[in-house]
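Reading through the C-alpha cells given below for one structure.
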Amino acid sequence: MNWFTKTSYPEFWNTYSKHFKNKQETDLGSIRFVVFDTETTGLNPNQDRILSIGTVGIFQNTIKVSDSFECYLKQDLFKAETVKIHGLLKGGKNIKIDEKTAIIQFLEHIKNSVLVAHNASFDVTMINKALKRLELPKLKNIVLDTKNIFNKTNLDKTTKTNFSLDELSERFKIPQHDRHTASGDAFITALLFVKLISHLKKEKKITLNDIKSPKERIGLL
Amino acid sequence: MNTIAERIYDFLKQYPPFSMLSREQLLSICEAVDVHYLEKGNYLFETGKSVKDEFYVVKDGAIGIFRTETNTLIDECDEGDIFGLRALMRKDSYKLSAKAIEESIVYSVSSSLFEKYITTNPEASSFLMTSFVTNTRSSYIESKEIKQKTTKLHDFSDEQSADYSKNPIHCEAYTSIKAAAKLMTKNQVGSIIITEDNKPIGIITDKDLRIKIATGNISINENVTKVMSSPVITFPENITVSEAQIAMLKHKITHLCITKDGTTNSELTGILSEHDIIVIRENNASALIKEVKRAKTPEYLHQIRQRAQYLLERYIEQKIPITFITKIISAINDSITEKIIDLAIREMPTLPPTTFAWLAIGSQGRQEQLLLTDQDNALVFDNVSETQYETTKQYFLSLSKKINEGLNTVGFEFCPADMMASNPKWCLSVSEWKNQFERWIKSPDQDNLMLCTIFFDFEYVFGNRDLVSKMSEDIFESIDSYEIFLNYLGLNALKNPPPISFFRQFLVEQSGEHKDQFDIKARAMMPLVDAARLLILSKNIKAHNNTIVRFTKLAELEPQNKELYEDCSEAFKNLLRFRTEQGLTNNDSGRFIDLKSLSKANRLELKRCFKAVKEIQELIQVRFNLSHFL
C-alpha cells in the first residue's frame, strides 16, 4: 500500500498511474510520443473549458495515424466569440461526450507517453483544470513544447523566442490544413516535431534530456 | 471520423490505385497510414533489408530509387507516386534503395490491409502490377519469375465471367487413388475433386499423381484423402477471369472449385482450370481466321475486319499482352490480305506471267498496326527478259490495282502518299528493287532515308518467299559496301530526342492543328522503331521487322545490354497499347494525345517509356560515333 496515494482515486486513474512505475526511457527511438492539442472556449484556464482534444502518436520518428485519438466535449459554457476560431458549435454534428468520459479516454490513450504540444503549458493547464474538477491530481507525463524545441535549434537569429504554430509551420513548409481543429493542429505540430528532431539530430546525438528543459515543466507546476 | 485520416484520404484519393477503392476501404487504409519525414539523403529502405509490410506514396518532395551496387538512380518518384511495391509481391528483401533526393514527406500504407481490398478489385490490382513491373523495369535483378507472374496477372484482368467446366469429375473420400486415376483417365481430365456430401474437400491433379504416386512414396491402394490437396479454394459461379487469375496466382494453384455460394460448405458446381482461362481468350480469334478462309467477297471480309476490331477493343480492355494482340490482329489482317490477293488473281484474265511476292511495308510490315489505317504495300516480281518486261509490269500493276481496291473495300483505306503496289515506283522486279535500295543507301539524303525507314521494314505476305529473301540479301550487300550509311541511319534515329525534359515537362507540338498535343508516334514510338531497325541491320539481320521482336533479338545478341533492350521492348509494348487505347477511345489514329486528358497512371507509364528512348539514343550515339555529327 502506497501511503501517498489516496485510496479513493477511481480505477482509471490508478491504471493510468501504474504506467509510470518504470523509469522513463531517454532514448528517443524507444519513446512513444503523443502530440496533442485542445480547442477551448477561450484562453482563461480558470473560466474556460475544453471543447475538443486531438492527438496523434509518433514512434521512431514516424507519425502513426493509427495511434490517434479525437473527441468532442459537451460543455455548459459556450462563447459565441471563439466559434470563429475553432468552428465548434454548441449543437454541432460531432458526437459529444462529457468531460469526465473525455478525460478517462484521454488518459487511457496517452498512458505514460511523452506529450508534445505547441505552447504546451496552456493545453496541459486546461487538462489539469479538468482533472481538478474530477478531484484528481495533475498529469504525470513528461511534456515537451515544440516552441521551446525550436528555440534550441538556433535557426532564428533574432532574439524572438515566442513563435506561434502558424509562424513555424510556414517556416518549415508544413501545409496548414485543418488549422484550429484539435486533430489538425496536433498533426501540424507532429510534423513540426519530427522536423525539429531531425534537424537537431544532425548536429549531435540527442536524448530526451536534450529536448526537455526545466522551462517545460512550468506547465506541470 | 478522424480528421487526420480524412485529410490523408483527400490526398490519396486523387491517385490510382487508391482512386479505385471505395470510400470506406480507402478511409480504413488511411487510418493506418504512417507519416515519414525524410531529410535530403535519408533512406526509407535499403537494398538487402527485409521487406516491410508497407509500401509508400510520396506526399511532398521527391524520393530516388537507387541501385546500391552501382549507385545509379533508377527512378524518381514525386507527389502521388507509389514505390516499394515489392512488399505486395514478395516477402523477401529489398532489391533497391529508396533515398530522399529532396526533403520529403512519405506516407506508408499497410500492404496487408491493402491486399485485402485489391484482391477483389481487378482494376486496382492490375494497376499495381503494371506499376510494379514498370517500377522495376529498369532493374533486371528482378527475377524473371516475378515478372512473368505479374505480367500474367496484369494480362488477364477481365471483368467478364469466366466459363468454368460444369459437372466436374469428382469422387468420395473413401475412393482409392487407383480408382480416382482411372476415373480421370476415362474422362480425360487432369484433375479430380474429392467431395463429401457433394461439398468439395480436396483435389488431386496430374501433378499430384506424378509427384506423390509415381515416385512410389504412396501406394495406389490408399484412399484419395492421402494425396489430395486440401482445403480447396472455392469461388461462386459468377467468378471473373481476373478474380480467377489472382486467386490462382495468390495460392499458387492451377484449379479453382466453383460452388453454389462460393464457400467450401456448399454444393460443388464446377471447376475452373488455368487452361480454361487460356481457351477463353483464344477461341474467338481462330474462329475469325477460319471465316476469312471461307469468305468469297471483299464486302464479307469487311464485315470480318469489323469484328476483328471489336475483338481488338476487348483485348485492349482486358489488358491481354500486346505481343499476343499484335500477333492475332496481324494474323487476321494477313489472312484477309491473302484472301483479297487470291480473289484478285481469279479476276485477272490470265495467271501471273512469273512469280511475285506481296509485301506489307512500314508499320504494317512491322506488324505494329492494330488500328484500321491506310494501306502501305509493295510488290516484287521475278526478273524477266527485257522483251517481256513491259507486259509483266503492266500485269502486276493492274493486279495490284485490284488488290488495293479490295483492301480499300475491307477498310484499309488508300494510302494518301500512294505508298501502294499499284504505284509503278513500288511495283518492281527483284533487280529494280536492288538498284533502288542501292541508290537510297549511297545517297542517304533526307528523302531517301525516309524511304529506307519505310521500305526496309517489308514483310512477306503472299507469293514467292525467295524473292523477298533476295531483296534482304541485296540490302545487306549495299550496306556492306557503303558502311557510312548506318551512321546516317543513326543520325536519323536520333532526330527526335526523348520527349521529356527532366521528369515533369512534356514537349508538345508548338504549332499547327495539333498544337499543345503530344505526338506519341513521332516522339516516342518512332525513335524506338528507328533504333531497333538500325541496330538489327547493323547485325546483318533482316528476318525480324517487329520492333518488339527486334529488341528481344538484340537482347539475346548483346547480353551486356540486355537490360536496356528489354526496357525498350517493354516501353514499345506500352506505347503501342497506349496508342491503340487512345485510338479506340477517340476513334482516330491515336497519334496525338491531349496531355490534359492523361491520368496520373498514364503519365507515369509514359514517363518510364521515355527513359528507355533516352537510353537507347545514348547507346546509338556512342556506338555509331555520332557525337561529332550532331
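When both bridge partners sit in the range B:3-117, DSSP labels roughly 100% of those beta bridges antiparallel.
Computed from the C-beta positions of B:Ser481 and B:Ser22, the FRET efficiency with R₀ = 51 Å rounds to 0.15.
Across the protein chains, with a 1.4 Å probe defining accessible surface, the residues B:Tyr395, B:Tyr43 rank B:Tyr43, B:Tyr395 from largest area downward. With K and R counted +1 and D and E -1, the other residues having a Cβ less than 15 Å from that of B:Asp374 yield a net charge of -3. Hey, quick one: spin label on B:Glu317, modelled 7 Å out along Cα-Cβ, who in the range B:7-29 has an amide N within reach, i.e. under 20 Å? Hits in the range B:7-29 for B:Glu317 at 20 Å: B:20. In the elastic network of chain A, a GNM with C-alpha springs shorter than 10 Å, the most mobile of A:Ile97, A:Ile53, A:Ile188 is A:Ile97. Relative to the longest principal axis of the Cα atoms of chain B, helix B:122-135 runs at roughly 60 degrees. Per residue of the protein assembly as shown, the DSSP helices (runs of n ≥ 4 H) give a summed -39500 (n - 2.57) that works out to -14000 deg cm²/dmol at 222 nm. Per-residue extension of 0.36 nm, minus the Cα-Cα distance of B:Arg346 and B:Lys260, leaves a gain of 25.2 nm for this segment. Helix B:274-294: angle to the longest alpha-carbon principal axis of chain B, degrees 0 to 90, nearest 10? Between the helix axis and the principal axis of chain B, the angle is about 30 degrees. At what distance in angstrom do the alpha carbon centres of the range B:210-239 and the range B:327-370 lie from each other? The two parts, judged by their Cα centres, are 51 Å apart.
What lysines could a cross-link reach from A:Lys157, if we take a straight Cα to Cα line under 28 Å and drop same-chain neighbours fewer than 8 places away? Partners found: A:Lys147, A:Lys173, A:Lys195, A:Lys201, A:Lys202, A:Lys204, A:Lys205, A:Lys212, A:Lys215, B:Lys40. Gain on full extension, evaluated as 0.36 nm per residue between B:Met450 and B:Ala173 minus their Cα-Cα distance, stands at 92.6 nm. Once the C-beta distance of A:His19 and A:Leu43 is scaled by a Förster radius of 35 Å, the resulting FRET efficiency is 0.70 to the nearest 0.05. The accessible-area loss of the range A:61-75 on complex formation, taken against its chain alone with a 1.4 Å probe, reaches 10 Å² or more at A:Asn61, A:Thr62, A:Ile63, A:Lys64, A:Val65, A:Ser66, A:Ser68, A:Glu70. A simple spin-label model places pseudo-atoms 7 Å from Cα toward Cβ; at B:Ser112 and B:Lys13 they are separated by 2.8 nm.
Per-residue mean of foreign Cβ neighbours for A:47-56 is 1 (Cβ atoms of other chains, 10 Å radius).
With 0.36 nm allotted per residue and the present C-alpha distance subtracted, the B:Leu557-B:Thr70 stretch has 172.9 nm of extension available.
Annotation: amide H of B:Cys171 within the under-5 Å range of B:Ile193, B:Ile194, B:Thr195, sequence separation 5 or more or interchain, hydrogens built in the peptide plane.
Approximating the spin labels as points 7 Å out from Cα along Cα→Cβ, the B:Thr355-to-B:Asp466 distance works out to 0.4 nm.
Quick one: grab the alpha carbon gyration tensor of chain B, order the square roots of its eigenvalues as a ≥ b ≥ c, and give me rounded if a/c is under 1.5, else prolate or oblate depending on whether a/b is larger than b/c. In terms of gyration-tensor shape, oblate. Placing dummy labels 7 Å off each Cα toward the beta-carbon, the span from A:Lys138 to B:Ser219 is 8.3 nm.
The alpha carbon centroids of the range A:147-167 and the range A:49-123 are separated by 25 Å.
Solvent-accessible area lost on pairing A with B (1.4 Å probe, both sides summed) amounts to about 1700 Å². Applying 1/(1 + (r/R0)^6) with R0 = 56 Å to the Cβ-Cβ distance of B:Glu386 and B:Arg294 gives a FRET efficiency near 0.85. Straight-line reach from B:Lys470: taking Cα to Cα under 17 Å and skipping same-chain neighbours fewer than 8 places apart, the lysines in range are B:Lys434, B:Lys542. Along each principal axis, taking the top coordinate minus the bottom one, the Cα set of the protein assembly as shown gives 124, 79, 51 Å in descending order. Each peptide among B:26-37, A:78-89 gets the average number of other Cβ atoms lying within 10 Å of its residues, and from highest to lowest they stand as B:26-37, A:78-89. A 1.4 Å probe run over chain B, with the rest of the protein chains in place, finds 43 Å² accessible per residue.
Each DSSP beta bridge with both residues in the range B:165-278 is either parallel or antiparallel, and the antiparallel ones are about 75%.
Relative to the compact-globule estimate of 2.2 N^0.38 Å, the Cα radius of gyration of the range A:9-63 comes out at 1.52.
In degrees from 0 to 90, rounded to the nearest 10, what is the angle of the helix B:177-187 Cα long axis to the longest principal axis of chain B? Helix B:177-187 sits at roughly 40 degrees to that axis.
The values are calculated or read from the model by the stated rules, or taken from the named source; none is laboratory data. Worth saying up front: this structure is predicted, and the values here are computed from it rather than measured. Neighbour counts run over all protein chains shown; Cβ positions are idealised from the backbone, glycine included. To get the accessible areas, we keep the full protein, side chains included, count just its heavy atoms, and leave off ligands, DNA and RNA. Shrake-Rupley method; radii C 1.70, N 1.55, O 1.52, S 1.80 Å.
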